[in-house]
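Notes to accompany the following structure.
The values are calculated or read from the model by the stated rules, or taken from the named source; none is laboratory data. Predicted, not measured: the structure shown is a model, and the values here were computed from it. In this analysis, Cβ positions are derived from the backbone assuming ideal geometry, glycine residues included, and neighbour counts consider all displayed protein chains.
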Amino acid sequence: MIVLLLAAALGAAAPAPVLTGPQALEQGRAHYRAADFEGAIPMFQRAVMATPDTDPATKAQAEVWLGLSFLNIGNADLAESSFRAALLANPSARLPEDAPPAAIPMFANIQGELARAQRQLEARPRPSTGPRPSTAARPEPARTDVPPAVVDNPAPASEEISLDEPTLSEPASGPRYPRWIPNVVAGVGVGLALTAGGLKLASNASLNGANAAADAPQTLRLSRRGDTEQHLARALGIAALGTVAVAVVLYAIDR
């Protein structure tokens, strides 16, 4: 009897197996098919966290099913965030055939927004890094077929005309904006990146707390908070990349 009790205690104290991204995705689908959407959300969130960025297809599938789960519990904002994250991870992501009707126009609108943003980004002219052509006018060569003009009071022979002074001044070179602007832009980008990293750590802590929560309401609350922090971190990371890119362009123009 004592041996059985010890075996049961050791089994209860053993840590739960760590699920991979595909395994968590399959368990989440099982909860979803059984209409247990609140139980499916932590599984899909674990699948997103456990899937590396080198597998965008699996990560995008987990985000799509996570968005469908949020939509089924009435949270359209988190559903839209998950759909957007899925399309950012894999632009060719699709909804399942049995997706609810409300998800189809939402997913299509996000696809259209991202496609328009990509076209606008590609249509922007790239800054030229080559040498700028000189706009100073060149002096015309002196004509030899014109007779010399008659001067009433010629200059004394001792006075010499200096030919060393340039007749035209070169345009001043330099940036078209104060030199401190690129530094400020780069500082903003670094600040956004640090904030995104802090939110990423906070989302990991929230999701770990959700996995360790004892009751379903606390699990759902921590899961939602962790998901929101994760999406905010992703958005700030994208903004940081854009800000750093602008700073690099400004540094290149300043040279």
Filtered residues of the range 231-242 (kept if surrounded by fewer than 19 Cβ atoms within 10 Å (Cβ to Cβ) and either more than 8 Å from the chain's Cα centre (by Cα) or in the same structural domain as residue 45 (by TED's automatic domain parsing) (or both)): 232
Among the residues listed as 222, 168, the single one being modelled with pLDDT under 75, in a helix (DSSP H, G or I) and not polar (S, T, N, Q): 222
Matching residues, the range 189-230, being buried (at least 16 other Cβ atoms within 10 Å of the Cβ), under 27 Å from residue 248 (Cα atoms) and β-branched (Val, Ile, Thr): 195
Number of positions in the range 67-81 that are surrounded by fewer than 18 Cβ atoms within 10 Å (Cβ to Cβ) and assigned to a helix (DSSP H, G or I): 2
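Residue by residue, here is whether (1) loosely packed, with under 14 Cβ neighbours inside 10 Å; (2) touching a helix residue (DSSP H, G or I) at 6+ places or on another chain (Cβ under 8 Å); (3) among the hydrophobic types (A, V, I, L, M, F, W, C) holds:
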residue	(1), (2), (3)
61	no, yes, no
65	no, yes, yes
83	no, yes, yes
86	no, yes, yes
91	yes, yes, no
97	yes, no, no
101	yes, no, no
106	no, yes, yes
